[in-house]
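The values are calculated or read from the model by the stated rules, or taken from the named source; none is laboratory data. It should be emphasised that the depicted structure is a prediction, and the values quoted were computed from it without experimental measurement. Cβ sites come from the backbone with ideal geometry, for glycine too, and all protein chains shown count toward neighbours. The protein model used for the area step is the full one, side chains on, heavy atoms only, and it has no ligands, DNA or RNA in it. Shrake-Rupley method; radii C 1.70, N 1.55, O 1.52, S 1.80 Å.
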2 protein chains.
Amino acid sequence: MKLIAGHTDITMSEPIVILNKDDCLEMGIGPMDRVRVTAQETMVSTIIVADASVMKGHVIMSPYVMQRVGAEDGEIIDVEYSPMPESVRSIRAKINGKILSHEEIDSIVKDIMDGNLSDKEIIAFVSSFNVNNSDLSEVAYLTRSMAETGRMVDLGVRPVFDFHSLGGVPGNKITPIVVSIVASEGIVIPKMSSRAVSSACGTSDYVDTFCDVEMDTESLIKAVKEVSGVFTCGNMDYAPVGRKIIRAERPMGIDPRPTMMASIMSKKVAIGTTHLLVDIPMGAGSKISDMRTAEGFAKDLRDLGTLLGIHIECAVSIADQPIGRMIGPILEARECIKVLEDGDGDPTVVDKACGMAGIILEMAGEKDGMKKATEILRSGRAHRKFLEIVKIQNGDPGLRSDDLVPGRFVKDVHAKRTGFVQYIDNPSIVAIAKGAGAPADTGAGIELLHKIGDHVEAGDVLFRIYAENQAKLDRAVQSARSRRPMSVAAAEVDIPDGGMIVKRIPSKAMLDLIRFRND
Amino acid sequence: MKLIAGHTDITMSEPIVILNKDDCLEMGIGPMDRVRVTAQETMVSTIIVADASVMKGHVIMSPYVMQRVGAEDGEIIDVEYSPMPESVRSIRAKINGKILSHEEIDSIVKDIMDGNLSDKEIIAFVSSFNVNNSDLSEVAYLTRSMAETGRMVDLGVRPVFDFHSLGGVPGNKITPIVVSIVASEGIVIPKMSSRAVSSACGTSDYVDTFCDVEMDTESLIKAVKEVSGVFTCGNMDYAPVGRKIIRAERPMGIDPRPTMMASIMSKKVAIGTTHLLVDIPMGAGSKISDMRTAEGFAKDLRDLGTLLGIHIECAVSIADQPIGRMIGPILEARECIKVLEDGDGDPTVVDKACGMAGIILEMAGEKDGMKKATEILRSGRAHRKFLEIVKIQNGDPGLRSDDLVPGRFVKDVHAKRTGFVQYIDNPSIVAIAKGAGAPADTGAGIELLHKIGDHVEAGDVLFRIYAENQAKLDRAVQSARSRRPMSVAAAEVDIPDGGMIVKRIPSKAMLDLIRFRND
């Protein structure tokens, strides 16, 4: 039916159009039915709402739908009944315990991509496709289908390494260090990171303070050829359906493991990864709190890798306090670059970065990876490689850590008693840094003057809050007062030595590597 | 925050209020957040939509929310931020594979009942709580929690029998016959049926044509004392949360087994059932198509019964064609009453009713139940009991089947060839009857002149469509032409003998019965 388009400024959680009751009757549709809305260029199916307050012959849309179909107010557009897509049947079958075929999963993914499934249907799919109701072959199908919604890149080299952290620990600024060490050895590592979702600073947030994070595929291929590694930001070129799934599930606060694994791996498949190291931060307050869960997750990932033809190793790392001392975009960039400049720094950063880089070097055939990684960092080779990558990402090749200046509104938080730092609460640190404006205000964040086990006197500065204006600084201070970000008590703290990586869970197929190296 | 109430006539799939952007900022809320809306009497939490087109100090609500909170236009009401309920955490945990405690399930059910969970959250719960991701103890907890959202009745007698058909087969008019036979023996059977959801006629739809189906709890208790059985309609007194769950999941077309079982059993728990017979119709086009699925379902139901302290038996019945010859409220009522009057009738009705009643008699200690049931029917005792129950449900105690007159607009559908009826398509029969106006037009429906295996000559009437007006009759005829409700071919049809009940799956604890009988 041809109708005159008009807009409403009501923001809805689902794409919606409002039609006159009589037009609905004529089309034989009612509330909750789907319609296909066709304007200039695009076409989407949306939820219908019948309403007497809309004139006959008119269709009122939310700004989101207006934009997606490319309609203008007053334009005549086409609205037609859209039957329930076949993929809804597959979702129902999944809810009822059926193992889905590749074709069924593919049609679900395509319909999510094309906007044919409502948020409710996506939520039903993600909720039913849970650990007990999906098997790894289905997750592998899902991964491939998701990858195929975007560009599939052939970098023209093998092997292709990648590094992924599950996140959940603040201050985790090791990615550019790991990439620089690994790429120094000529190993290809096209690392695509992301911005913060709920944290105070994602990898792309701090990298963005000193070079471009957006990179088109042609530049990426060229960069990898020239300097072996990059630290860019994943974009909508690769497995774009992942963002649509996240958009639907985020309001519910859900991110079940099978779809989460598929979402991570789909981007690796899209970029042609052959070898992947996954960092699993473990600790109170992080996503994974105990070794049993970490090992179960690692095993699933590794087996999924086998199905996808990707060698996956996992490394469980300590996440009971922030990595390093800085949290927030500019502060983290400074600390990261300083470690590269000095070849040394806070032991949690250096040990974790060299440990992860070392495992990758071993996956690539090196004998004593960590020793080698540490040498590359100490010798300045990693720093030189870092600046090469910065340059290729349009950053200043003469970049110095001191060039990066945090917010000038500063407030110190002091110890109330003498004793030892017992505990640092990661969620509180994140909340305070976000209160100060991070990650949008790049200068906002926190500097930890002390970490777990440090002896402090009453009145010593425990941590410093940075902000870009007084109001946000006050908000962060308020947030710090209402929480317990750091606790100090008399007892000495027993810090286990043995480094940041507490367990390495190797890939099944390390030996295949030799073949790749000889290709 | 105190705001002036106003209404919008936009119909939404979720309860929604629209607030001014500045008011939202002041309350620190945004789109997708929840608020508690408090007016005269009630209080609900709803999804927020920030909108510049609403004046500051005002709140615009859908008619549903207006009515639920009892607000009038222009009234000053209270709107406050409502944090995400704890039960959402439990739903997330379930999605991630956790086995939920009774407390967690109870809080989910309470929050659904109180309107604290959105449809999306209910869908996520139902989708994740699927066969592979829930265990029977959780289903038992869910059943009890659902029962406790409504009235819990003690009929003051034990045992309390019940009979439940999973449905999906048209013309299944056996309930009043089963109840009348069983109650003739003084066995308590407070049967609560339902109206059609997607079928052409539910039990309550045809019972409603000859007596009241609504009955309050006090009358129910009195009726059971006086005449042992009733055939009423379940109402919102018992496990009312079930309807809220169905309201959320119906647009998705989902009804996963664990929540479906809990929904069925919660009403039985509420009425104090101790012994239950479940009819599982099996056949192409019905809900359950093969014996393996039927047996799996029966086993789950029986084990759930054990956890709930209810003795459950299941009987798998043939559902490859309609039961009896009539479909539609008045037509089914006629056929049902005629069988009771004559003590005989179409073998599918008589055999199924006596078979089911026989199993119940055996559950109650009788030796040869089916023989006994058939005697009770043949002797006229069941008919006398039926009229007693009709009377107590405010029907005419002198009721005759001939009193019930179907619609006077009639159209015959003829055989195009000579041969044997091979197949009757249940979904087509239901669609034609619904096209004719059933169940709302009580006189509408179908009479089957022939059933599977019958020899017919070309030109013979295969079935007759009844309607209450010409337009609907034409619609039904149109529907019959576009489908293939009955097929006739040369080959003789092999009809297996052995009755309508193909498999009986007895309860684990038949022996306990003796104890009940001696109480």
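Structure notes:
- Global geometry of region B:387-508, whether rounded, prolate or oblate, following the gyration tensor of its Cα atoms and the 1.5 cut on a/c: oblate
- A simple spin-label model places pseudo-atoms 7 Å from Cα toward Cβ; at A:R89 and B:S289 they are separated by 0.9 nm.
- Separation in nanometres of the label points that stand 7 Å from Cα toward Cβ, at B:D135 and B:S482: 5.0
- The phi torsions of region A:381-390, fed into the Karplus equation with coefficients 6.51, -1.76 and 1.60 and a -60° offset, translate into couplings of 4, 4, 4, 5, 4, 3, 5, 4, 5, 4 Hz, rounded to whole numbers, with Gly and Pro shown as x.
- Extension gain from A:N394 to A:L155, taking 0.36 nm per residue of separation minus the Cα-Cα distance: 84.0 nm
- A straight Cα-to-Cα reach below 16 Å connects A:K244 with the aspartates and glutamates A:E14, A:D106, A:D111, A:D114, A:D119, A:E121, A:E148, A:D255, residues fewer than 8 places away in its own chain not being considered.
- Note on A:I99 and A:E457: with the Förster distance fixed at 56 Å, the Cβ-Cβ geometry gives a FRET efficiency of about 0.35.
- From its DSSP helices (H runs of at least four residues, each -39,500 (n - 2.57)), the protein assembly as shown gives a residue-normalised ellipticity at 222 nm of -12000 deg cm²/dmol.
- A versus B: buried accessible surface, summed, Å² (probe 1.4 Å, to nearest 100): 3100
- Efficiency of FRET from Cβ geometry, B:D342 and B:K367, R₀ 30 Å, rounded to 0.05: 0.70
- Note on A:A489 and A:D403: the extension gain reaches 27.2 nm, defined as 0.36 nm multiplied by sequence separation minus the Cα-Cα distance.
- For region B:167-301, with +1 on Lys and Arg beta carbons and -1 on Asp and Glu, the positive-most of B:C233, B:A284, B:S194 along the dipole: B:A284
- Fraction of alpha-carbon pairs over 19 Å apart in region A:227-380 - percent: 64
- Members of A:K287/A:K451; A:K268/A:K371; A:K110/A:K173 lying beyond 24 Å, as alpha-carbon distances in this model show: A:K268/A:K371; A:K110/A:K173
- When peptides A:90-99, B:382-391, A:391-400 are sorted by average Cβ neighbour count within 10 Å, with the highest value leading, the order is B:382-391, A:90-99, A:391-400.
- Cβ-defined net charge surrounding B:R378, 10 Å radius [Lys, Arg +1; Asp, Glu -1]: -2
- Contact residues in region A:228-268 by the 50 Å² criterion (accessible area, 1.4 Å probe, full protein complex versus chain alone): A:P251, A:M252.
- Over chain A, the ratio between the Cα radius of gyration and 2.2 N^0.38 Å evaluates to 1.07.
- Between region B:358-373 and region A:80-120, the Cα center-to-center distance that results, in Å: 47
- Overall form of region A:300-424 per C-alpha gyration tensor (a/c, 1.5; a/b vs b/c): oblate
- The phi-based Karplus calculation (6.51 cos²θ - 1.76 cosθ + 1.60; θ = phi - 60°) puts the 3J(HN,Hα) values of region A:87-103 at 4, 5, 4, 5, 5, 4, 5, 4, 4, 8, x, 6, 7, 7, 7, 4, 4 Hz, whole numbers, x for Gly and Pro.
- On Cα atoms only, tilt of A:347-363 relative to the major axis of chain A in degrees: 70
- For region A:145-189, the direction-averaged projected area of the alpha-carbon convex hull comes to 4.6 nm².
- Alpha-carbon spread of region A:69-118, three principal axes, descending order, Å: 47, 17, 13
- Proximity of backbone amide H atoms, modeled 1.01 Å from N, is registered between B:K191 and B:V230, B:T232 at under 5 Å, excluding neighbours fewer than 5 places apart on the same chain.
- 7 Å along Cα→Cβ, label-point gaps from A:L307 to other copies, nm, shortest first: 2.8
- Rounded to whole Hz, the Karplus (6.51, -1.76, 1.60) HN-Hα couplings of region B:274-280, x for glycine and proline: 10, 9, 9, 10, 10, 8, 10
- For region B:239-320, average projected area of the Cα convex hull in nm²: 5.6
- Computed over region B:393-462, the quotient of the alpha carbon radius of gyration and 2.2 N^0.38 Å is 1.39.
- Binned Cα-Cα distance frequencies in the protein assembly as shown - 20 Å width, integer %: 11, 34, 32, 17, 5, 0
- Taking a ≥ b ≥ c as the square roots of the eigenvalues of the Cα gyration tensor, region A:408-447 is oblate, since a/c reaches 1.5 or more and a/b is not larger than b/c.
- Label zone at A:I246 (point 7 Å along Cα-to-Cβ), backbone N below 17 Å, region A:253-272: A:253-271
- Per residue of B:97-110, other chain Cβ atoms within 10 Å of the residue Cβ number 1 on average.
- Remark: label point of A:M55 defined 7 Å out from Cα along the Cα-Cβ vector; separations to the same position in other copies 2.5 nm, ascending.
- Exam field: B:G453 pseudo-label spacings to other copies (7 Å along Cα-Cβ), nanometres: 8.4
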